[in-house]
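Notes follow the structure.
The values are calculated or read from the model by the stated rules, or taken from the named source; none is laboratory data. Note that the coordinates shown come from a computational prediction; the quantities given were computed from them, not determined experimentally. Here Cβ is always computed from backbone atoms with ideal geometry, including for glycine, and neighbour counts include all displayed protein chains. Just so you know, the surface numbers come from the protein's heavy atoms only, side chains and all, with ligands and any DNA or RNA stripped out. Shrake-Rupley method; radii C 1.70, N 1.55, O 1.52, S 1.80 Å.
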Amino acid sequence: MSAKHGCFLQVLLVYAHPEPRSLNGALRDVAIKALEAEGHEVRVTDLYADEWKSEIDRADFPALTSDTRFKPSRASKEAFATDTLTEDVKAEQEKLLWADTLILQFPLWWYSMPAILKGWVDRVYAYGFAYGVGEHSDKYWGKRFGEGTLAGKRAMLVVTTGGWEEHYSSRGVNGPIDDLLFPINHGILFYPGYDVLPPFVAYRVDGLDDAGFDETAERLRQRMRTLATTTPIPYRRQNGGDYVIPSLQLRPELSTPDTRSFALHLNGGRDSAA
Ligand code: FAD
């Protein structure tokens, strides 16, 4: 459904590149323009421009007394519960609650996201907000992997790589891109509840010529136009019946021949208990 059919999205784009005149900077502008042309509302978190503090430390928890041993998850839990998280973190959480769609955009650096974006996740995803949500017992292991604070919202990655598409194919030396992005897509986005859309990946971008840029920009525009209708990656829900609780292992009868692959956590539609 496009905005023309009445579906106006509120999109948060979290952008991690130090140079606004970079390819990523140009693609960010392409994405924003395409989204706004559809009638969607876009907010941007520009991590480098905002000089985002990326490391969790005591300064994040002003209520923590100096003689208290600093345990990050406990401090995070208390600060979230007492509304004493720092203002920069609270502002990002409010944006996440405002947005029905989250886009994380970054160049692939060392097979992952730039440290500044990881630090955004570390600090914004507080205990009680993104994890530690819902009952935790031997019978119920929290609202996560398909449930949680951000359930009902959509998220996707926009990624550029130096490596070729073949290098990230199933037999490519880098490993398949879906496996490399699994910790982000599954561990960071699906965990607090997002429906995760397949990533937009622009490969082999170093030295991209004008024709290559135009083709990449058009592919990105198309993904922005179909944000509301793209089918999410069919990850299995933790509490959907496919996993044994509390071991959280996939039920043996649902295992596939490729039992060590991340693809195990995809619901092919045939073998789900849900
Ligand atoms: P830029 O360098 O800004 O641009 C790339 C090219 O795009 C330019 O040379 C130009 O030809 C073109 N271009 C830029 N802007 C425009 C425009 N407006 N219009 C038309 N053309 C334009 N790659 C991997 O595959 N795997 C890794 O693990 C990996 N690790 C890395 C780690 C580090 C620390 C670094 C610095 C790089 C790494 N890379 C890796 C490469 C990296 O992913 C790419 O360099 C990056 O994705 C390129 O994006 P950029 O925005 O920085 O591009």
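Bridging of Lys53 to lysines at a Cα separation below 21 Å is possible for Lys71, Lys77, Lys90, Lys95, Lys118, once same-chain residues fewer than 8 apart are set aside. Multiplying the residue separation of Lys71 and Glu165 by 0.36 nm and removing their Cα-Cα distance gives an extension gain of 29.7 nm. Residues whose amide H comes within less than 5 Å of that of Thr160, counting only those at least five positions distant or on another chain, are Phe106, Leu108, Ala202 (H built at 1.01 Å from N in the peptide plane). When the chain is treated as a GNM with alpha-carbon contacts under 10 Å, the residue of Glu147, Glu36, Glu51 showing the greatest mean-square fluctuation is Glu51.
Where the accessible area of the stretch 155-274 is counted over protein heavy atoms with a 1.4 Å probe, how much of it, in %, is carbon and sulfur?
Summing carbon and sulfur atoms, their accessible area is 51 percent of the total for the stretch 155-274.
Modelled label positions at Ala211 and Arg21, each set 7 Å beyond Cα in the direction of Cβ, lie 2.6 nm from each other.
Ranking Ala63, Pro246, Gly134 by Cα position along the charge dipole of the chain, where only Lys, Arg, Asp and Glu carry charges on their C-beta atoms, puts Pro246 farthest toward the positive end. Residues considered: Leu104, Leu23, Leu150. Largest GNM mean-square fluctuation over the chain, using C-alpha springs under 10 Å, is found at Leu23.
Between the amide H of Leu13 and those of Arg43, Val44, Thr45, Ile103, distances stay under 5 Å, these residues lying 5 or more places away or on another chain, with hydrogens modeled in the peptide plane.
Overall size of the stretch 3-233 from C-alpha positions, given as principal axis extents largest first: 59, 39, 36 Å.
For the chain, the mean residue ellipticity at 222 nm estimated from helices alone is -7500 deg cm²/dmol, where every DSSP H run of n ≥ 4 contributes -39500 (n - 2.57) and the total is divided by all residues, rounded to the nearest 500. Take the chain with all the other protein chains still there, run a 1.4 Å probe, and you get 51 Å² of accessible area per residue.
Find the centroid of the Cα atoms in the stretch 52-73 and in the stretch 76-91, then give the distance between the two in whole Å. Cα centroid of the stretch 52-73 versus Cα centroid of the stretch 76-91: 11 Å apart. Each label was represented as a point 7 Å from its Cα along the Cα-to-Cβ direction; for Leu97 and Glu218 these points are 4.3 nm apart. Bridge orientation summary for the chain: considering DSSP beta bridges with both residues in this region, about 15 percent are antiparallel.
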